[in-house]
1. What ranking of GLU650, GLU206 comes out by heavy-atom accessible area, probe 1.4 Å, highest first?
2. Which value, in Å² rounded to 10, gives the accessible area of LEU37 with a 1.4 Å probe and all protein chains present?
3. Counting only protein heavy atoms, what percent of the accessible surface of segment 27-112 is carbon or sulfur at a 1.4 Å probe?
4. Among VAL208, VAL129, ALA196, flag the residue with its Cα farthest along the positive direction of the charge dipole of segment 83-213, charges on Cβ as +1 for Lys/Arg and -1 for Asp/Glu.
5. How about segment 286-325: which GluC sites (Glu not before Pro) there lie in a loop by DSSP and see at most 11 other Cβ atoms within 10 Å?
6. Hey, can you rank 600-613, 180-193, 68-81 by average C-beta count inside 10 Å, highest first?
7. What's the extension gain from GLU441 to ASN167 if we count 0.36 nm per residue and subtract their Cα-Cα distance?
8. Divide, for segment 397-611, the radius of gyration over alpha carbons by 2.2 N^0.38 Å, where N is the residue count.
Amino acid sequence: MATVFVLALLVVSLVFGFVVGSDVHPGQKAPYRIHTLFSVECQNYFDWQTVGLMNSFKKARQPGPITRLLSCTDDEKKNYKGMHLAPTLEVPSMSKHPKTGDWYPAINKPAGIVHWLKHSKDAENVDWVVILDADMIIRGPIIPWELGAEKGQPVAAYYGYLVGCDNILAELHTKHPELCDKVGGLLAMHIDDLRALAPMWLSKTEEVREDKAHWTTNITGDIYGQGWISEMYGYSFGAAEVGLRHKINDNLMIYPGYIPREGVEPILFHYGLPFSVGNWSFSKLKHHEDNIVYDCDRLFPEPPYPREVKLMESDPNKRRALFLSVECINTLNEGLLLQHAADGCSKPKWSKYMSFLKSRTFAELTRPKLLTPDIKKTEVAQQRQVMDEPGKPHPKIHTLFSTECTSYFDWQTVGLVHSFHKSGQPGNITRLLSCTDEDLEHYNGHDLAPTHYVPSMNRHPLTGDWYPAINKPAAVLHWLNHAKVDAEFIVILDADMIMRGPITPWEFKAARGRPVSTPYDYLIGCDNELAKLHTRHPEACDKVGGVIIMHIDDLRKFAMLWLHKTEEVRADKAHYATNITGDVYASGWISEMYGYSFGAAELNLRHLISSEILIYPGYIPEPGVKYRVFHYGLEYVVGNWSFDKADWREVDIINKCWAKFPDPPDPSTLDRSDENILQRDLLSLECAKTLNEALRLHHIRRNCHDPSLVSKSDSGITKEPGSRKFGRFGKIDTVRSNPTPLNHLQKSSVPAEKDGLFSSLRLWIVALWAFSGLGFLVVMVVVFSGRKGKGTRGKNYRNKRRSSYSGFLDVSGRDKHIRSDDD
């Protein structure tokens, strides 16, 4: 009996060990383990921010655990009351620098992260880290790889006022000033990148903080000129030192009070600035010493109710901005209300506002916001409150490119859109997709880019002329007439381009009445009879094209002329000759380019022509020029390798899993005897590699089965198909988080709220199986013991065992288990 009892205990312990052990981090499996961090100090000011962030973390269903990095001195800890407010790692305070004595609390952020990496076991079991500030409210799950983060390429929000990246500050504090990104706020990066970055982040923060000679506003952008943003520069310079280039995502974060772009659903509030709704206002600085967390039933002043907000503003987008501001403070107050209850405060007196915070209406308004494929397809918006000068925002930008419903344009689209996000280009991008109704019935590339659909003019509806290039001006005109445009400047590109950096009107000096473009010197028709025939102002004809930066007012006046002049030149077959047009095929193929130049001349729009924006792969670059765009319209060659886009006109690379272009040569194999040739070839390789990188990520988003993920017999590890995309998120030790479905190609929806019933029943079913097994072992011992009356005793014994555990599956028992598991 003793042996059997030991065996029974072993079975039970193994079963329960499995059940409990598997409940620690189910779904948090490599390479999809996420950990969220934020840094605070032992102050009331950070405590109420912690309460707000923690409440939003749970509401948003952010996957993985969260850790508060709490920097406190020994004296502060003696009187600190908020240790229970969040899962916490205590960090030695560096508010007063241990060596220099400098008082700079912001340094605790990088110092805390360094400490976490060295001393937390969590840092050994994570793949991705999301770093937030305490004064943030999460509205939806932040999934690094869904946002495009890759190893070596973190995702971050844009902090345009970090002007030190462009001046002497960067030159003094990093060996790679060209890699300095103006980012901050939200950070999502691979753990390996964070390990490389964190020590450098800390040391560069110390370095910039000590450089008082360069604290002035014109150098740092710090309006106080006190070195307060040294930690932000420490991050940017540290990232530059270790070679990290950021993917700047402006979809995610918004300051309450800022007007969001139409259709954009930000998933993160950063309430670092004062904001107001009508006569109500909020500023975090006014609550610096506020002990509101520990003052039972006291909340921040209630904002207007939704129905009151509706009456304040007629403009729908401005009204939505007011709703976002109200949502931010209401989520903070909801967190305080729940924290007071958890701390044992008596039930608050009924009030209209308390009732609202507990209402189904408020719960519905604050459901998790997910970046669904539909939003990404039609409304991927990137609002950037860019301020290279404090308080002076740059104008909004919108980028356009024109394509057709063919696989040829689809792979070009994938390359351009990938490079757009990688480049840090401000604003939205829209694909103008020209298709016939028949084309659309069979087209399956709708998800490749935010898209505006345009009737095809490949075959002219009046003349029957087959000329697909006319779709470009026709599509721009259609977009202007049918889309709501709030951008001040429009950047127009071709599909066969790869962006290398932002193309902005403020950098290239575009203005109303003065567009910017790149030189197309072969448009010799501007200098001969062609211009005299097709414009009243031949002297205003500029030989330009490729990249266009134009004020929206100019584009509205110009677009119709662009289309009409294209039709006009296309119909003028008598002047197709190469000596007149420069078209080597003498087929009128570049009529659209002349349509652009002649249309602009009609309005006397004279261009600033920049040769530093665009380069063709295969051309020798000018020394020191940072070209922003590759235009791979021509064949280019590197050694025995070559690429010509025309060779891939009929190849469906997009819909064939893992299809890509032939890999270009390794840069290490290039001939380095001629520096000009070397730089030319390096740029050519960069273009080709970017295209293949875009295709690889596209195939991952399409859930192509990766052969490298097939189970390996020698390792015994098996990965399920699609697991690269669907990571599984479940309950964790500290803060619980519900599963978040992730797939670019399926419509995302907010998961239904779960109360743990299913998982608890499953656990108890396993437990019941264990006890049944135990009962069976006991019965077998009795059966074979040879005792008299063994059958009756065995039956009675079974009944006793069954009745002893009959309460395990009742509702109260289940709830008790759930409560204890959540503690």
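1. GLU650, GLU206
2. Looks like 0 Å² after rounding.
3. On segment 27-112, the fraction of accessible area on carbon and sulfur atoms equals 52 percent.
4. Looking along the dipole axis, the top candidate is VAL208.
5. Numbers: sites: GLU289, GLU308, GLU313; in loops: GLU289, GLU313.
Sites meeting the loop and neighbour criteria: GLU289.
6. Details: 600-613: 18.4, 180-193: 22.2, 68-81: 16.0.
The peptides rank, most packed first, as 180-193, 600-613, 68-81.
7. 93.4 nm
8. 0.98
The values are calculated or read from the model by the stated rules, or taken from the named source; none is laboratory data. Owing to the predicted nature of the structure, the values given are computational and were not obtained by experimental measurement. Ideal geometry is used to build each Cβ from the backbone, glycine not excepted, and the neighbour counts take in all protein chains shown. Surface accessibility is based on the protein's heavy atoms, side chains included, excluding ligands, DNA and RNA. Shrake-Rupley method; radii C 1.70, N 1.55, O 1.52, S 1.80 Å.
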